[in-house]
């Protein structure tokens, strides 16, 4: 992991605005240009963006069916194409053991940092549409899937609804989330806990980075 980081501490209560950047490239991350705000074209042309309230957000992606790396790449490109959204950091790929339901094959996981003008529920709808477009079908809880995209955290947002809780309620418990997240945002603090500190509490011994 890079030692050249910017410190980012999220105070917790919603501020409903953009904050200073904490997105950091690891050795394989990608840093791109400014976000766009177009809502024209594509299957999601009706999504409403609010560029005044741009936020940083961090997403966790995973796949354990078919060509896992290709599914993750396609998902990242689809997120990149969302209205009002820029992908600002991409982790490497990590092979991880299944979590929650262990009767299935290993996953490839990654994390991305984005800046988006989408509101939290609009972002949720957008990533669920990406999952469906890539062939995900609902099966058993925590079961195998072509692609899974979770919103781990949005800067300045604390939310608890039937559809979405932010920060993600299980982020502290999942090494497959924290290992790639710590690569791109090692100084990120969610609530009062740094992602690196949360990772130190977990067993990540079975997680290995996939060579590029």
Item checked: Options 163, 201, 172; residue that is in contact (Cβ under 8 Å) with a residue 40 or more places away in the chain and on the phi < 0 side of the Ramachandran plot -> 163
Next item on the list: State the number of residues belonging to segment 154-165 that are touching a helix residue (DSSP H, G or I) at 6+ places or on another chain (Cβ under 8 Å) and either buried (at least 23 other Cβ atoms within 10 Å of the Cβ) or over 20 Å from residue 131 (Cα atoms) (or both).
Entry: 4
Checklist line | Residue among 183, 138, 187, 173 that is modelled with pLDDT of 95 or more and surrounded by fewer than 19 Cβ atoms within 10 Å (Cβ to Cβ) | finding: 187
Next item on the list: Quickly run through segment 166-180 and pick out the residues that are in contact with a helix residue (DSSP H, G or I) (Cβ under 9 Å, 6 or more places away or on another chain) and within 10 Å of residue 150 (Cβ to Cβ).
Entry: 168, 170, 171, 177
Checklist line | Count - residues of segment 136-159 that are in a loop (DSSP other than H, G, I, E, B) and either within 16 Å of the chain's Cα centre (by Cα) or in contact (Cβ under 8 Å) with a residue 40 or more places away in the chain (or both) | finding: 11
Next item on the list: Check segment 35-54 and report whether any residue there is modelled with pLDDT of 95 or more, in a helix (DSSP H, G or I) and farther than 21 Å from residue 170 by Cα.
Entry: no
Check: Does residue 127 satisfy the condition of being at pLDDT 95 or above and within 25 Å of residue 73 (Cβ to Cβ)?
Finding: yes
Margin query: Just to be sure before I move on: is residue 108 in contact with a helix residue (DSSP H, G or I) (Cβ under 6 Å, 6 or more places away or on another chain), modelled with pLDDT of 95 or more, part of a strand (DSSP E or B) and surrounded by 14 or more Cβ atoms within 10 Å (Cβ to Cβ) in the structure I sent?
Written below: yes
Next item on the list: List the number of the failed condition for residue 127; all other conditions in (1) farther than 24 Å from residue 206 by Cβ; (2) surrounded by fewer than 19 Cβ atoms within 10 Å (Cβ to Cβ); (3) in contact with a helix residue (DSSP H, G or I) (Cβ under 9 Å, 6 or more places away or on another chain) hold.
Entry: (2)
Check: When you scan segment 111-124, how many residues do you find that are buried (at least 23 other Cβ atoms within 10 Å of the Cβ) and either without any contact (Cβ under 8 Å) to a residue 24 or more places away in the chain or assigned to a loop (DSSP other than H, G, I, E, B) (or both)?
Finding: 2
Next item on the list: Go through the residues of segment 73-96 one by one and say whether even a single one is assigned to a helix (DSSP H, G or I) and free of Cβ contacts under 8 Å to residues at least 24 places away in the same chain.
Entry: yes
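The values are calculated or read from the model by the stated rules, or taken from the named source; none is laboratory data. Computed from a prediction, not measured in an experiment: that's the story for all the values here. With ideal geometry, Cβ positions are generated from the backbone for all residues, glycine too; neighbour counts draw on all protein chains shown.
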